[in-house]
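The structure under discussion appears below in the form of structure tokens.
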Amino acid sequence: MLKGIDQRLSAEIVHVLMLMGHGDELVLADVNHPAASIATETTYGKLVDMTGCDIPTAARAILSLMPLDTFVPAPIARMQVVGDPAADMPVFGRMQAVADSVEGRRVEMLALERFEFYAAARKAFVIIRTADSGPYGCFILKKGVIDLPPL
């Protein structure tokens, strides 16, 4: 254990977050997402599991270390409900509340059609699968910049 790091973040997750640079994307997925097959096409090349967490809990832990990109209009993308793109699922609001709270501002989300979302996920740096039973608990988070003081 380390001070100040959420205990839900494994060493592998912290490592992956450190490897990512500005503009890289992380897919936070529920158990319904075809995460294992899509993860092989990501930059990291393999699936990372975050067991025991639902989407909001996992997002809060990850966003405690990873800033969202402020240079794009919508640093989070989510999947649209198939057959009803305007539908609002409970997980959408829970994710919005976490992102807004952690960032201290309103964070815009882009809604993508299912296969558009899968295509975007393939281009991500990594996929982290949670234990969230969903449905539609899949989000793409774009990493931002931290302005650190000089050494």
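Considering only beta bridges that DSSP places wholly inside segment 58-151, some 50 percent are antiparallel. Using the Cβ-Cβ distance between PHE115 and LEU65 with R0 set to 25 Å, the FRET efficiency works out to roughly 0.20.
Taking chymotrypsin sites (Phe, Trp or Tyr not before Pro) across segment 34-142, the ones in a DSSP loop with at most 14 further Cβ atoms lying within 10 angstrom of their Cβ are PHE71. Please name whichever of SER64, SER10, ILE76 sits farthest to the positive end of the charge dipole of the chain, dipole taken about the Cα centre and charges placed at Cβ: Lys and Arg +1, Asp and Glu -1. It is SER10. The helix-based estimate of mean residue ellipticity at 222 nm for the chain, built from -39,500 (n - 2.57) per DSSP H run of four or more residues and divided by its residue count, is -8500 deg cm²/dmol to the nearest 500.
How big is the charge dipole of segment 64-122 about its Cα centre, in debye rounded to the nearest 20, if each Lys and Arg gets +1 on its Cβ and each Asp and Glu gets -1 on its Cβ?
120
What you get for the chain, charging only the Cβ of Lys and Arg (+1) and of Asp and Glu (-1), is a dipole of about 220 debye around the Cα centre. The residues of the chain present an accessible area of 52 Å² per residue when probed at 1.4 Å with all protein chains retained. May I ask you to derive the relative contact order of segment 71-151, considering only C-alpha pairs under 8 Å and at least 6 residues apart, and to give it as an integer percent? Dividing the mean separation by the residue count of segment 71-151 yields 47 percent. Rounded to the nearest Hz, the phi-derived 3J(HN,Hα) couplings of segment 51-64 under the Karplus curve 6.51 cos²θ - 1.76 cosθ + 1.60 (θ = phi - 60°) are 5, x, 10, 8, 4, x, 5, 5, 4, 4, 5, 5, 6, 6, where x marks glycine and proline.
The trypsin sites (Lys or Arg not before Pro) of segment 67-151 meeting both criteria, a DSSP state outside H, G, I, E and B (loop) and at most 10 other C-beta atoms within 10 angstrom of the site's C-beta, are ARG106. Specify which labelled value, from (1) 15.4; (2) 16.2; (3) 16.9, agrees with Kirkwood radius over Cα pairs in Å derived from the coordinates of the model shown. Correct label is (1).
The values are calculated or read from the model by the stated rules, or taken from the named source; none is laboratory data. Please read these numbers as outputs of a predicted model, since none were measured by experiment. Neighbour counts run over all protein chains shown; Cβ positions are idealised from the backbone, glycine included. What goes into the accessible areas is simple: the full protein's heavy atoms, side chains included, and nothing from ligands, DNA or RNA. Shrake-Rupley method; radii C 1.70, N 1.55, O 1.52, S 1.80 Å.
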